[in-house]
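The values are calculated or read from the model by the stated rules, or taken from the named source; none is laboratory data. Owing to the predicted nature of the structure, the values given are computational and were not obtained by experimental measurement. Cβ: placed from backbone, ideal geometry, glycine included. Neighbour counts: every protein chain shown. Heavy atoms of the whole protein, side chains included, go into the accessibility calculation; ligands, DNA and RNA do not. Shrake-Rupley method; radii C 1.70, N 1.55, O 1.52, S 1.80 Å.
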Amino acid sequence: MAKAPYQPPVQSKFGQVFDSLFLLALVMAALFVPLYLGLAGGGKTTLEMPDKSWAGMQQNATMQAQWEKLGYTDGTEAKDGKTPAADLIAARFDYTFEPVELGLTALVVIGYFFIVFHWSKKEYQDVIDERFNNK
């Protein structure tokens, strides 16, 4: 007995707009909630540099020229309307991580994809059967 061709459900324009806005709100929440809760974005350290000259900040002539093109100067005080670059050069991001947290995140992502593929297997098989088994 032949199956009827699959007909996907029709969604109204209002439903499409609502779904799009709802997904956008979820994405924005997923991006900003960790920042508001202080769970991300805080890994910054500042190096101590006793010598604020270009050489003391380990900047070569090419780097120095690029900093000056951007309007920065060496030292701790502004010169000729230019801001000192020492604060920017000394500020470093901290890229350390906890292996347990990384492993937990990997498990969650892998588990999510396993569930999605497992639950979708029947639907994928129905589409394949409809398209290729009758030929």
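Within the option set Leu39, Leu107, Leu31, being open to solvent by 100 Å² or more (accessible area, probe 1.4 Å), in a loop (DSSP other than H, G, I, E, B), farther than 30 Å from Gln7 by Cα and aliphatic (A, V, I, L, M) holds for one residue only, Leu39. Screening Asp126 with (1) more than 30 Å from Ala4 (Cα to Cα); (2) out of contact with any helix residue (DSSP H, G or I) (no Cβ under 9 Å at 6 or more places or on another chain); (3) acidic (Asp, Glu) gives one miss only, at (1).
None of Ala78, Ala86, Ala61, Ala55 is among the small types (Gly, Ala, Ser), open to solvent by less than 100 Å² (accessible area, probe 1.4 Å) and touching a Lys or Arg at 6+ places or on another chain (Cβ under 6 Å) except Ala86.
Within the range 43-60, residues that are among the small types (Gly, Ala, Ser) sit with their Cβ atoms under 6 Å from residues that are surrounded by 13 or more Cβ atoms within 10 Å (Cβ to Cβ) and assigned to a loop (DSSP other than H, G, I, E, B), at 6+ positions apart or across chains, in these pairs: Ser53/Asp74. Looking at this structure, is Leu70 open to solvent by 80 Å² or more (accessible area, probe 1.4 Å), under 30 Å from the mean Cα position of the chain (by Cα) and modelled with pLDDT under 95? Here the answer is yes, as Leu70 does meet what is asked. Here Trp119 meets the list (1) part of a helix (DSSP H, G or I); (2) surrounded by 10 or more Cβ atoms within 10 Å (Cβ to Cβ); (3) modelled with pLDDT under 90 almost entirely, failing just condition (2).
Take the range 92-104 and flag every residue that is in contact with a strand residue (DSSP E or B) (Cβ under 9 Å, 6 or more places away or on another chain) and either open to solvent by less than 100 Å² (accessible area, probe 1.4 Å) or at pLDDT 95 or above (or both).
Asp94
With respect to being under 30 Å from Val127 (Cα atoms) and at pLDDT below 90, Pro84 falls outside the description.
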